[in-house]
Amino acid sequence: MDTQALHAITRWLGEQHDAMVRLLAELVDIDSGSYDKAGVDAVGARLTRFFSEHGIEVSATPVAEFGDILRAETGDVRRDEDRHNILLLGHRDTVFPKGEASRRPFHIEDGRAYGPGVADMKAGLVMNAFVLAAFKRFAPHVPLVAMMTGDEEIGSNASRDFIFQEAKTARAVFNAEPGRASGNIVTGRKGSLSYRLDIAGKAAHSGVNFTEGVNAIAELGHKIVALHGLTRVEDGITVNVGLVSGGQTVNTTAPHASAQFEVRFVTNEQRDALSKAIEAIAATSSVPGTSMELVCRSSFLALVPTPGSEKIAESYFRTAREFGADLEGEYTGGCADSGFTASAGAPTICGVGPVGGKAHTADEYIELHTLSQRAQILAGTIDKVFAGS
């Protein structure tokens, strides 16, 4: 891409601040919790209209229970596996319930924008949309793909195969999760596994027929101790049993018990070992007569830095300095779709969206001036990656 085109792109993006804020306000004021398919698709419809207005091709993959998967592209995009395209990743779902947008709509205060999902990650979606529009206008040959999924906050079960498919053709992936409150981007993330464990026992009167009963809660207690025993904080591995239930009455041996737990890890090798250990714990009974069912409800792969991702990060840092931002990479225990693209072999960096903080809370915000700034930095980095520098 020639210097004149890059200057035109970054200049145009700098002029779009007000338009970006208007689009962000519209998206934030649409409820789009992960289980609100209509809301997630409404966000998609607004983005589709934006892309159409800018002559950008958009396609939708229907998803029955969650938001459809949107894919926008511009430039010389290829569908083979030669690492040609540049993938801009984002999700349209939030963690907030229906009605949250009307209770606390988008608003601006002291240079910050607030509202449900403003940072995680509707600001990132706006940034990606305007970057595509800029390249369509001034550098239409650069192969850009924007993927906008609808179930990231609940594990991306419906969209992960499509993410893997796009990652196989990507020379670089930029995930527009919010930049850290420090201003930094994310260069490494933990992965996670989320399980439900159901245990069946046998009810009996705890005073009259105690020996005829089989206490599922007692079995669950053994399993909780064993599961927490897998925690190795020094290695970045944590196991947390966060929800438990069970029993019938205080004078009945518990005929059932359940637990939901989550595992966090640093490498995907740890993930494989933990999966086997958890399956072994589930299969071993300490209370005779109990039976159990273990279900993995969701999982994220870890974002592990590679030489390729480190090179892209360095390009991003250099570009950021050109736009007056001195930043670096951070590691976080949170999970994201960037773990899938990295695990598919695509050099990936994350947290390249506008700077924000307090995600998933009523105080979630972005630093408003970074909305167009991060779009300019992303565009400049894309230029460097496309040029091999």
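Every number here is computed from the coordinates shown, using simple stated rules; none is lab data. What you see is a predicted model, and the numbers here were worked out from it, not measured in a lab. Using ideal geometry, Cβ is built from the backbone for each residue, glycine included, and neighbour counts are taken over all protein chains shown.
So here's what we get for this one:
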| quantity | calculated |
| --- | --- |
| Mean separation of Cα contacts under 8 Å, 6 or more apart, over the residue count of region 191-300: relative contact order % | 43 percent |
| Where N is the number of residues in region 220-363, Cα Rg divided by 2.2 N^0.38 Å | 1.41 |
| Unit charges on C-beta of K, R, D, E only; dipole of the chain, Debye | 140 debye |
| For the chain, built as a Gaussian network whose Cα springs stay under 10 Å, the top-fluctuating residue of VAL241, VAL295, VAL118 | VAL295 |
| FRET E, pair THR361, ASP110, Förster distance 22 Å, beta-carbon r, rounded to 0.05 | 0.80 |
| Dipole magnitude of region 191-300 about its Cα centre (Cβ charges: Lys, Arg +1; Asp, Glu -1), debye to nearest 20 | 120 debye |
| Label of the coordinate-derived value, percent of Cα pairs over 41 Å apart, listed as [x] 21; [y] 16; [z] 10 | [x] |
| Among VAL131, VAL233, VAL58, residue whose mean-square fluctuation peaks in a GNM of the chain (springs only between Cα atoms under 10 Å) | VAL233 |
| Region 1-124: C-alpha gyration tensor shape, a/c 1.5 cut-off, then a/b vs b/c | oblate |
| Cross-link reach list, aspartates and glutamates versus LYS136, counting only Cα pairs under 19 Å and skipping chain neighbours closer than eight places | ASP2, GLU15, GLU53, GLU57, GLU73, ASP76, ASP383 |
| For PRO97, net neighbour charge (Lys/Arg +1, Asp/Glu -1) across residues whose Cβ lies under 9 Å away | -2 |
| Burial order of peptide ranges 26-33, 275-282, 314-321, 174-181 (average beta-carbon count within 10 Å, highest first) | 174-181, 26-33, 314-321, 275-282 |
| Isotropic mean projected area of the C-alpha convex hull, region 281-321 (nm²) | 5.5 nm² |
| Under 18 Å from LYS202, Cα to Cα: lysines that are on another chain or at least 8 residues apart | LYS223 |
| C-alpha center-to-center spacing [region 192-247, region 56-109] in angstrom | 38 Å |
| Computed over the chain: relative contact order in percent, which uses C-alpha pairs under 8 Å that are six or more apart | 23 percent |
| 22 Å Cα-Cα threshold exceeded, pairs from LYS190/LYS358; LYS37/LYS98; LYS168/LYS384; LYS358/LYS384 | LYS358/LYS384 |
| Solvent-free Debye scattering, log10 I(q)/I(0), computed from the Cα coordinates of region 191-300 at q = 0.11, 0.15, 0.24 Å⁻¹ | -0.37, -0.62, -1.24 |
